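Presented below is the structure to which this report refers.
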Amino acid sequence: MGCCSSKNEHRASQIARWNATGIVALRHSNIKVLPDEVLKVNSYVRTIDLTTNKVAVLTPDISKLVHLQRLVLANNLLQSLPNSIGSLRSLKILTLDENRITILPDELGSLLKLEQLSLSNNLLTRLPNTIGKLRNLCLLNVSCNKLNTLPASIGSCASLEELQANENIIDELPESMCDLGQLKSLTLNHNSLGKLPQNFLKGCRSLQTIDLHCNPISVDQFQQMAGFVEFEDRRRRKFDKQIDSNVLMNSKGLDEGIDL
């Protein structure tokens, strides 16, 4: 009797805290599903963090959390997302690293306020074309998947500043990448790229950092691209500014560019 009473008091206290803060933090809690109690306080919840649990299926009822801004499900057992994920119209940050996701629903493109999408260490072979609807997306991390290209619609991600796609099997980038005028950082280490779109450096007029280590593209190819001189000037100014500001950097921090 006392044990049950203690558990009920703990749960009541937990729900009261969720209501007060709008934050549901259940890291390392050995849970397999989103607790029903979270859905009952839906008008309050702004952040859900279920990092490092055993969640294999995300309930379609997640759509009830219409004010949710941050959803973190890293290091779980997810293989897919429910179509209802598209109902989270207030979502700004979606973190799904280290799961088993093989496919994303088209409804992902309905997350019009999304600013950060992280999907590293999954089993994705493609991204939905609707990703181009994410006009507020600033960061996209799809490293360590099984992608061989990126959708042409990615060129419509007008706010994209950082794209990480290391350790995939990408052998070609869509021409629309040239439209990413706000892109500042691109990392594509350990892929199969033999070339970049012809006007990539010219079109990506904000680009300051590009990492292409362990790709078949050559330094000569890269340096002969239109816009290389302007890119090199931006890159140098970036590092000059960091050094002038006494920013401490190790050798890796200065090692940017492409391998032979």
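Restricting Leu108, Leu96, Leu140, Leu117 to those that are within 22 Å of Leu68 (Cα to Cα) and in contact with a helix residue (DSSP H, G or I) (Cβ under 7 Å, 6 or more places away or on another chain) reduces the list to Leu108. Which condition breaks for Leu77 when tested against (1) under 24 Å from Pro35 (Cβ atoms); (2) buried (at least 19 other Cβ atoms within 10 Å of the Cβ)? Leu77 satisfies every listed condition except (2).
Can you confirm whether Ile62 is out of contact with any Ser or Thr (no Cβ under 9 Å at 6 or more places or on another chain), outside any loop (DSSP other than H, G, I, E, B) and under 26 Å from Leu137 (Cα atoms)?
It is false that Ile62 is out of contact with any Ser or Thr (no Cβ under 9 Å at 6 or more places or on another chain), outside any loop (DSSP other than H, G, I, E, B) and under 26 Å from Leu137 (Cα atoms).
For region 215-224, check the following and say yes or no: at least one residue is out of contact with any Lys or Arg (no Cβ under 6 Å at 6 or more places or on another chain), under 30 Å from Gln69 (Cα atoms) and either surrounded by 15 or more Cβ atoms within 10 Å (Cβ to Cβ) or acidic (Asp, Glu) (or both). Checked region 215-224: no residue is out of contact with any Lys or Arg (no Cβ under 6 Å at 6 or more places or on another chain), under 30 Å from Gln69 (Cα atoms) and either surrounded by 15 or more Cβ atoms within 10 Å (Cβ to Cβ) or acidic (Asp, Glu) (or both). The single condition among (1) closer than 22 Å to Thr125 by Cα; (2) hydroxyl-bearing (Ser, Thr, Tyr); (3) in a loop (DSSP other than H, G, I, E, B) that Ser84 does not satisfy is (3).
The residues in region 34-58 that are modelled with pLDDT of 95 or more, of a type outside the set (D, E, K, R) and part of a loop (DSSP other than H, G, I, E, B) can be counted, and the count is 8. Checked against the criterion of being closer than 19 Å to Leu160 by Cβ, in contact with a Phe, Trp or Tyr (Cβ under 6 Å, 6 or more places away or on another chain), free of Cβ contacts under 8 Å to residues at least 60 places away in the same chain and crowded, with 16+ Cβ neighbours inside 10 Å, the candidates Leu201, Leu196 yield just one match: Leu201.
Identify all residues within region 138-151 that are assigned to a loop (DSSP other than H, G, I, E, B) and closer than 23 Å to Leu112 by Cβ; write none if there are none.
Cys138, Val142, Leu150, Pro151, listed by residue number.
Condition check for Asn122 on (1) buried (at least 20 other Cβ atoms within 10 Å of the Cβ); (2) more than 17 Å from the chain's Cα centre (by Cα): one failure, at (2). Are any of the residues in region 139-153 of a type in the set (A, V, I, L, M) and at pLDDT below 95? Checking region 139-153: not a single residue is of a type in the set (A, V, I, L, M) and at pLDDT below 95. Between Arg100, Arg135, Arg89, which is assigned to a loop (DSSP other than H, G, I, E, B), in contact with a Lys or Arg (Cβ under 9 Å, 6 or more places away or on another chain) and either modelled with pLDDT under 95 or basic (Lys, Arg) (or both)? Among Arg100, Arg135, Arg89, only Arg89 is assigned to a loop (DSSP other than H, G, I, E, B), in contact with a Lys or Arg (Cβ under 9 Å, 6 or more places away or on another chain) and either modelled with pLDDT under 95 or basic (Lys, Arg) (or both). Scanning region 108-115 for any residue that is charged (D, E, K, R) and within 12 Å of the chain's Cα centre (by Cα) turns up at least one such residue.
Annotation note: of Ile15, Ile62, Ile85, Ile31, the sole residue that is among the β-branched types (Val, Ile, Thr), under 16 Å from the mean Cα position of the chain (by Cα) and either on the phi < 0 side of the Ramachandran plot or surrounded by 19 or more Cβ atoms within 10 Å (Cβ to Cβ) (or both) is Ile85.
The values are calculated or read from the model by the stated rules, or taken from the named source; none is laboratory data. Fair warning: this is a prediction, and the values are worked out from it, not measured in the lab. Note that we place each Cβ from the backbone using ideal geometry, even for glycine, and neighbour counts take in every protein chain shown.
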